[in-house]
Every structure is written in C-alpha cells, then in structure tokens.
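The values are calculated or read from the model by the stated rules, or taken from the named source; none is laboratory data. As the structure is a prediction and not an experimental result, all values here were calculated from the model. Note that we place each Cβ from the backbone using ideal geometry, even for glycine, and neighbour counts take in every protein chain shown. Accessible surface is based on the protein model in full, side chains and every heavy atom, while ligands, DNA and RNA are left aside. Shrake-Rupley method; radii C 1.70, N 1.55, O 1.52, S 1.80 Å.
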Amino acid sequence: MEKPEEFNVLVVGAGAAGIGVGAVLKDLGLENFAILERHQIGESFRRWPQEMHFITPSFPSHGFGLLDLNAIARKTSPAINFQREHLTGNQYAEYLETVAYYFKLPVYTDVEVQKIEPLSQGQGFLVNVPDGILKTKFLIWAAGEFQYPNLTPFSGADLCLHNSQIASWTHLEGDEFIIIGGYESGMDAASNLVALGKRVKVLDRTGIWAEPNTDPSISLSPYTVQRMDFCYSTGRLELIGNAAVEEVKVVPGGYAVYSEYNKWVSPTQPILCTGFESSLKQIAHLFDWSEGYAGLTQEDESTITPGLFVVGPSVRHKNLIFCFIYKFRQRFAVVANAIAQRLGIDPTPLEIYRQEGMFLDDLSCCDDECLC
C-alpha cells in the first residue's frame with residue numbers, strides 16, 4: 001500500500017460550516033489542510049426547494065461593526081452580493097463559492113469520505129476516499145444535516161413526500177394537502193402551497209406556533225410567523241396541534257393520516273416535514289451520545305475521540321443549540337485556536353475574530369432571555 005498523503009487538518013464538507021472554518025484556518029496561516037466535499041460547494045443549499053428562502057435576514061451592517069447574520073467569513077455579506085434580505089439556496093451556494101475563491105481555499109469536490117479510522121493514542125486519523133487513503137493530524141466534521149432527511153418517523157412514512165425531495169412546490173398536482181410537522185420546514189411548505197392557491201392542513205405533535213420562545217432554535221422565527229399570519233388570513237390554512245401522527249395508510253380517495261384519536265384524509269401525498277438527522281450519525285461511534293446529542297468538549301472536540309472537532313448545526317452544549325449560521329460561526333475560531341495551540345502555531349491572527357464577535361469561547365454569556 002502506498003504511503004498516505006498527509007495533512008495537518010482535513011475538513012469534511014464544503015457548506016456554510018466547512019467554508020467558514022476553512023476561511024478561519026486560512027487567516028490563521030495554517031498550511032497543508034484540505035476541505036473534502038462529496039458533491040459541490042454548497043450542495044445542500046442547491047437542493048432546497050426552489051421557493052425556499054433563508055429565515056434569517058441578511059443586512060449590510062459592516063459600517064457599524066456588525067456582521068451580516070448569514071455571513072460565514074469576515075468582511076463578506078450575502079446582502080451586498082445579492083441585494084436580497086432572504087436569499088434562496090442557490091444564491092447562498094453562489095456566495096459560498098465566492099468566499100472559497102476569494103480565500104483560495106483548498107476545496108476538493110466530488111470526493112466522498114468512505115471511512116474514518118482514528119489512530120491509536122490520538123495520533124490522528126486515516127480517511128478513506130475513492131482514490132486512496134489520506135492521513136491527518138486533526139479532522140473537522142462539517143457535513144451539515146440537509147442531505148440526511150428523517151424519512152422514517154412513523155409507520156407508513158414512506159408513503160409521504162419529504163420536503164427535501166421537492167424541487168419546486170409548483171410541481172405538485174392537486175388542490176388539498178396535509179403537512180406533517182409544524183416547525184420551519186413545515187411552515188415554509190404551507191406558505192408556498194397557500195401562495196399557489198392550495199388548501200393546507202398542518203399537523204404538529206405540539207402546536208409549536210402557539211409556543212413562543214426567545215430562542216429561534218426551538219420556536220418559529222419572526223419571518224415565518226409573519227408569513228403564517230398572512231396565510232392564515234386567506235382561510236386556506238388550518239393549523240392542528242396536539243396531533244402526534246402514528247401512521248399513514250393508502251385508502252380509497254387518497255391517504256389516511258392517523259394520530260392516537262384522530263384521522264385525516266388527504267387526496268394527495270402527505271408532505272413530510274419532520275426535519276433532518278445529524279450527519280454525525282455517519283460516524284456515531286466516535287462520539288458519546290449519552291445526553292441525546294454528540295458530546296463535545298469546550299473546544300467542540302469529541303469527548304471520546306481526541307482530534308475530532310465539529311462545526312456547524314450539530315454543535316450543542318447542554319441547552320445551547322448552535323443550529324443557525326449566526327450561532328455556529330462564532331465557534332470556528334474556537335476550533336482553530338485549539339488546533340493552533342497543538343500545532344505550535346501563533347494564534348494571534350484570531351484576535352480579530354474575538355473583536356468582531358466571532359470567537360465565542362465563554363458559553364456562560366449566552367442568554368436568550370429578553371426584557372421586552
């Protein structure tokens with residue numbers, strides 16, 4: 001077997017998290033790293049339904065020392081690039097490509113990571129790819145979630161159509177639809193179908209639209225609530241809470257959706273908006289899942305696999321959920337700093353990230369409470 005090509009750092013995934021942390025590594029002056037992407041840069045965003053937009057607004061606020069909420073690198077702004085407040089997936093993928101080009105990031109596309117083997121005593125990793133084996137001292141997992149839809153939440157879910165499988169809502173035939181799941185993807189599906197003149201029922205196990213919370217990671221965003229208010233006013237949207245779906249069956253006239261005590265019939269395929277699995281499930285054995293999510297150190301490193309770091313929406317510390325870009329980008333420099341210390345690299349270039357609010361290493365300051 002040929003000697004593996006060796007790197008200081010390998011990043012898996014070239015989406016918002018992978019490109020973002022890559023830009024930080026470049027600013028750090030790190031040499032000999034690579035970003036591996038099994039498709040193309042920003043692939044998950046390219047796969048969004050055509051009508052789907054960011055729920056977080058982009059705004060050019062650099063002149064006042066504030067970063068665009070959807071920017072993943074300093075001195076960049078999707079709002080300025082596209083003159084849009086709520087970008088489409090394709091627009092954001094183009095933004096990521098622009099960042100990668102500007103920073104001259106070493107991105108290798110169409111490279112699928114097939115297997116990861118930790119070496120003994122924390123000596124790095126062997127990464128199996130189609131052309132051979134790569135060796136790296138540190139591995140940063142940035143594979144995201146959108147390409148891993150939750151397709152089997154209940155019996156008969158295979159009869160439904162998951163929202164991630166829809167290229168455009170205009171492609172769906174029919175006038176009445178049932179949507180299972182009332183969080184962001186469910187409400188996005190509902191608003192787009194109502195805009196097309198369809199009648200829509202949204203079934204949700206809790207009724208999240210009636211449970212406001214200051215943390216948008218666990219409640220609907222203001223952008224979504226605003227859209228829902230308009231859709232509800234049309235009379236074509238029905239919101240049904242406390243509807244924990246247990247099964248879907250084919251029946252004469254369409255599909256029956258069952259909860260413990262109720263039944264709804266749809267003439268069209270029910271739309272499954274049950275979210276996504278963490279891509280960390282692909283390497284689940286390298287993490288401690290005893291708390292229900294991947295256990296990470298204060299530096300976002302696996303608690304059981306030294307040298308394996310996580311960036312992106314799967315990062316979680318107890319009740320702090322970093323699932324939005326403006327949240328998880330604050331941890332890129334934390335990971336880069338940890339790697340710099342161990343490689344003996346001067347971390348001084350990262351101080352600018354701290355000054356600009358992109359180096360969040362004190363989680364005690366995170367508080368979503370709002371006084372008014």
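When DSSP beta bridges are limited to those with both residues in the stretch 197-290, what percentage is antiparallel, rounded to the nearest 5?
70
For the stretch 133-163, state which chymotrypsin sites (Phe, Trp or Tyr not before Pro) are in a DSSP loop and have at most 16 other beta carbons lying within 10 Å of their beta carbon. Could you put the intermediate results ahead of the total?
Details: sites: Phe138, Trp141, Phe146, Phe154; in loops: Phe146, Phe154.
Here no chymotrypsin sites (Phe, Trp or Tyr not before Pro) fit, given the DSSP loop and packing criteria.
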Listed by chain and number, the lysines with an alpha carbon less than 23 angstrom from that of Lys318, same-chain partners under 8 positions apart left out, are Lys281, Lys327
Straight-line reach check, Lys135, cutoff 17 Å on alpha carbons, 8 or more apart in-chain or any other chain, hits among aspartates and glutamates -> Glu2, Glu5, Glu6, Glu31, Glu37, Glu112, Glu117
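How large is the Kirkwood hydrodynamic radius of the stretch 288-335, counting all unique pairs of alpha carbons, in Å?
Values: mean 1/r = 0.0930 Å⁻¹.
Here the Kirkwood hydrodynamic radius works out to 10.7 Å.
Loop only per DSSP, at most 11 neighbouring Cβ atoms within 10 Å: give me the chymotrypsin sites (Phe, Trp or Tyr not before Pro) in the stretch 205-266, ordered by residue number.
Here the chymotrypsin sites (Phe, Trp or Tyr not before Pro) that fit, given the DSSP loop and packing criteria, are Tyr261.
Roughly speaking, to the nearest percent, how much of the chain's 1.4 Å accessible area is carbon and sulfur? List each step's numbers first, then the result.
Numbers: 8830 of 17940 Å².
Carbon and sulfur atoms account for 49 percent of the accessible area of the chain.
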Measuring from the longest principal axis of the C-alpha atoms of the chain, the long axis of helix 332-343 (C-alpha) lies at a number of degrees, nearest 10, equal to 30
Taking the chain and counting helices only, DSSP H stretches of n ≥ 4 at -39,500 (n - 2.57) each over all residues, the nearest-500 ellipticity at 222 nm comes to -6000 deg cm²/dmol
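Per residue, how many Å² of accessible area does the stretch 1-143 show with a 1.4 Å probe? Kindly include the intermediate steps, with their values, before the conclusion.
Details: 6900 Å² over 143 residues.
Computed with neighbouring chains in place, this is 48 Å² per residue.
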The answer for the net charge of residues other than Asn32 whose Cβ lies under 13 angstrom from its Cβ, with Lys and Arg +1 and Asp and Glu -1, is 0
In degrees, nearest 10, the alpha-carbon axis of helix 222-233 is tilted away from the dominant principal axis of the alpha carbons of the chain by 10
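Which value, in Å², gives the accessible area per residue of the stretch 148-216 when a 1.4 Å probe is used on the protein heavy atoms? Don't skip to the end; give the middle numbers.
Numbers: 2980 Å² over 69 residues.
Spelled out: the 1.4 Å probe surface of the stretch 148-216, per residue, equals 43 Å².
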Heads up, the stretch 275-372 by the C-alpha gyration tensor (a ≥ b ≥ c square roots of eigenvalues; a/c under 1.5 rounded, else a/b over b/c prolate, else oblate) looks oblate
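With +1 on the Cβ of every Lys and Arg and -1 on the Cβ of every Asp and Glu, and nothing else charged, how large is the dipole of the chain about its Cα centre, in debye rounded to the nearest 20? Mind dumping the intermediate values first?
On the way: 28 positive and 45 negative charges, 71 e Å.
So the magnitude is around 340 debye.
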Among beta bridges assigned by DSSP with both residues in the chain, the antiparallel ones amount in percent, to the nearest 5, to 45
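To one decimal place, what Kirkwood hydrodynamic radius in Å is obtained for the chain from all pairs of distinct Cα atoms? Walk me through the intermediate numbers first.
Working: mean 1/r = 0.0456 Å⁻¹.
That comes to 21.9 Å for the chain.
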